[in-house]
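Any read-out appearing in this document is the output of simple, stated calculations on the displayed coordinates, not a laboratory observation. The model shown is predicted, which means the values in this text are computed figures rather than measured ones. Here the Cβ positions follow ideal geometry from the backbone for every residue, glycine too, while neighbour counts run over all protein chains shown.
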Amino acid sequence: MSETKTAAQAPVTIKKYANRRLYNTATSSYVTLDHLAQMVKDGTDFVVYDAKSGEDITRSVLTQIIVEEESKGGQNLLPIGFLRQLIGFYGDSLGGLVPRYLEHSMQSFAHNEQQMRQMMEKALDGLFPFNQMEEVGKQNMAFFESAMKMFTPNFFQMGEDGLPKMPGAPSLEEMQAQLLALQQQMLSINKKK
């Protein structure tokens, strides 16, 4: 059962000690990164503080969870080309747009995923919505491709070495035009829903 955050609920406070142990102040118990990953999946909001300095280290702990999940060897969600592109945006003058864009993209993807889950639940009633699922899948793929093309126009082109070509940085005018086109595409997708 997943917990949802209400307006009255404050995030759970996790303290990280020098010995790398994580302490959940809500349950008065030590937890692991796997526990924190499950809290994320359950929708439980938390903030991680360094116990000594009081510094908010939530971002680094969440990043550590991603690294752990990627190294488990089962399911890799971050393709190598994407990771290279992401690294390339650090220090770039337009890098400030990336976090907001990625957050919005993931919210849209999560919304479409929820629609697919609802369709699957309806399938249990004897109706299997192949056409609707296919349409949502196509929308997700089109959205992802347009997102990747916006930041990496040559993302789907391979170089002679078999790796994705690394494009030059687009001009500000090109980025604005691409953002406008993507925004219009997202509006048309939302109108269809």
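With a Förster radius of 22 Å applied to the C-beta separation of residue 75 and residue 45, the computed FRET efficiency comes to 0.35. Among residues other than residue 62 whose Cβ falls under 11 Å from its Cβ, what is the net charge (Lys/Arg +1, Asp/Glu -1)? Net of charged neighbours comes to -1.
Just for segment 1-113, what percent of DSSP beta bridges are antiparallel, to the closest 5?
Details: 7 of 12 bridges.
In segment 1-113, DSSP labels about 60 percent of beta bridges as antiparallel.
Segment 60-128 and segment 9-27 have Cα centres separated by 25 Å. Cβ crowding within 10 Å ranks 16, 122, 41 as 41, 122, 16, fewest other Cβ atoms first.
How do 30, 90, 49 rank when sorted from fewest to most other Cβ atoms within 10 Å of their own Cβ? Don't skip to the end; give the middle numbers.
Details: 30 12, 90 8, 49 17.
Going from sparsest to densest Cβ surroundings: 90, 30, 49.
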